[in-house]
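Only one structure is covered here, and it is reproduced in the block below.
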Amino acid sequence: MSVILLAAFRDRISYPTGMWGFFFGVGNNFLPLMQKELRTAMEAAREAGQLILKHSGADVARRDKSGTYEGHVTGAEVRAADYDPVTVADEEADAALRGHLLGAFPEDGWLSEESTDSSERQQRSRVWIVDPIDGTKEFLEGIPEFVVSVALVEEGVPVVGVIYNPAKNQLYAATKSGGTFLNGKQVFCTEASDLFDAVLVVSRSEAARGEIDPLRPHLREVRLMGSAAYKLAVVAAGGSDLNVSVQSKNEWDVCAGDMLVREAGGRMLDLEGRVRVYNQPDSLIRGGLAAGNESLTQLAVDLIKKVNG
């Protein structure tokens with residue numbers, strides 16, 4: 001088994017011991033795969049996070065992409081399934097990410113929630129898949145559970161994943177075969193093996209609509225948390241045993257989180273039990289997903305099929 005070495009770019013961030021960049025490798029002369037890509041992704045996520053924090057979620061200009069709602073939506077309508085807000089902060093962060101990542105790697109493709117999609121990405125072997133703010137509803141409500149999500153896929157397989165929560169100054173990062181790290185410390189999925197002992201993190205919106213209720217009797221605890229990407233990061237770091245969503249997700253919602261979970265010893269499956277191959281012509285992952293350690297994830301998929309009859 002290879003030895004994993006950790007070093008830090010102390011000129012990048014002071015957290016709390018000056019750790020920012022990660023190098024993984026064997027021996028002093030070994031340079032890890034995707035070293036430049038990982039460093040660039042972390043820097044881009046950090047930059048976008050600082051742009052987001054310049055805005056107040058309560059006052060930031062926003063619009064509903066679905067066209068259903070007008071003005072500043074509040075109360076229960078924020079959690080409506082058809083309310084899809086985008087803010088000035090989303091758009092500024094998207095522009096910063098695109099400039100930083102494609103500026104460094106101009107031959108790569110691009111897929112982002114806040115950019116117009118193009119079939120051109122299908123011609124690229126490497127594609128950046130990003131969500132400038134995953135958890136926009138939490139951002140609007142002032143809940144510190146919104147993140148910048150950045151992933152790089154090669155031939156459909158994630159090879160770099162970075163999730164940054166700027167409100168909590170949490171940086172999750174992973175490279176293929178390099179492990180998953182939170183603020184410089186390697187982390188892993190939990191080893192829970194029974195659903196009755198498992199803590200599940202789920203969407204506030206799905207919980208508010210009663211979509212998780214059939215699962216509650218089969219679990220030790222259900223916790224509410226914003227952002228699909230952030231929930232996956234928390235599971236990868238052992239902060240919860242399992243994440244389940246019964247709603248469809250887009251690739252930009254989950255790609256970086258999927259990478260973190262994989263490198264933390266777990267897996268993410270759709271509700272048909274399949275591992276996602278990314279950069280599909282249709283980026284929508286229909287029917288939901290489950291993520292955690294390998295055995296628990298399969299148990300969750302089986303349970304959802306059972307309760308849905």
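The values are calculated or read from the model by the stated rules, or taken from the named source; none is laboratory data. No experiment lies behind these values; they were computed from the predicted model shown. For neighbour counting, all protein chains shown are included, and Cβ atoms are generated from backbone atoms with ideal geometry for every residue, glycine included. The accessibility values were calculated without ligands, DNA or RNA, using every heavy atom of the protein model including side chains. Shrake-Rupley method; radii C 1.70, N 1.55, O 1.52, S 1.80 Å.
Being out of contact with any Phe, Trp or Tyr (no Cβ under 6 Å at 6 or more places or on another chain), modelled with pLDDT of 95 or more and of a type in the set (A, V, I, L, M) narrows it down to one of Leu303, Leu271, so name that one.
Numbers: Leu271 fails: modelled with pLDDT of 95 or more.
After ruling out the rest, the residue left standing is Leu303.
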Kindly establish whether Asp213 is among the acidic types (Asp, Glu) and either open to solvent by less than 20 Å² (accessible area, probe 1.4 Å) or within 25 Å of Ile143 (Cα to Cα) (or both). yes
Output the number of the condition that Glu211 fails; it satisfies all remaining conditions of (1) more than 18 Å from the chain's Cα centre (by Cα); (2) within 27 Å of Tyr278 (Cα to Cα); (3) modelled with pLDDT of 95 or more; (4) not aromatic (Phe, Trp, Tyr). (3)
Under 6 Å by Cβ, and 6 or more places apart or on different chains, what pairs join a residue from the stretch 125-142 that is among the aliphatic types (A, V, I, L, M) with one that is part of a loop (DSSP other than H, G, I, E, B)? Val127/Asn279; Ile133/Phe146; Leu140/Gly57
Of the residues that make up the stretch 84-98, is at least one loosely packed, with under 12 Cβ neighbours inside 10 Å and either at pLDDT below 95 or in a loop (DSSP other than H, G, I, E, B) (or both)? no
Residue under question is Ser248, and the condition is that it be of a type in the set (S, T, N, Q), within 27 Å of Leu97 (Cα to Cα) and surrounded by fewer than 20 Cβ atoms within 10 Å (Cβ to Cβ); does it hold? yes
Residues of the stretch 125-155 being β-branched (Val, Ile, Thr) and assigned to a loop (DSSP other than H, G, I, E, B), which ones? Ile143
May I ask you to verify whether Asp253 is surrounded by fewer than 19 Cβ atoms within 10 Å (Cβ to Cβ) and either of a type in the set (Asp, Glu) or at pLDDT below 95 (or both)? no
For the stretch 159-191, what are the residues that are outside any strand (DSSP E or B) and open to solvent by less than 20 Å² (accessible area, probe 1.4 Å)? Pro166, Gly178, Gly184, Cys189
When Leu289 is run through (1) over 27 Å from Ser119 (Cα atoms); (2) open to solvent by less than 50 Å² (accessible area, probe 1.4 Å); (3) not charged (D, E, K, R), the failure sits at (1)
Might you let me know whether the stretch 256-279 holds any residue that is out of contact with any strand residue (DSSP E or B) (no Cβ under 8 Å at 6 or more places or on another chain) and crowded, with 19+ Cβ neighbours inside 10 Å? no
Give me a count of the residues in the stretch 104-157 that are touching a Leu at 6+ places or on another chain (Cβ under 8 Å) and exposed (fewer than 15 other Cβ atoms within 10 Å of the Cβ). 1
What pairs can you find where one residue is in the stretch 217-240 and in contact (Cβ under 8 Å) with a residue 40 or more places away in the chain, the other is in a loop (DSSP other than H, G, I, E, B) and aromatic (Phe, Trp, Tyr), and their Cβ atoms are less than 7 Å apart, with a gap of 6+ or different chains? Gly226/Phe146; Ser227/Phe146; Gly238/Phe188
How many residues, within the stretch 292-309, are in contact with a Gly (Cβ under 8 Å, 6 or more places away or on another chain) and either polar (S, T, N, Q) or open to solvent by 10 Å² or more (accessible area, probe 1.4 Å) (or both)? 4
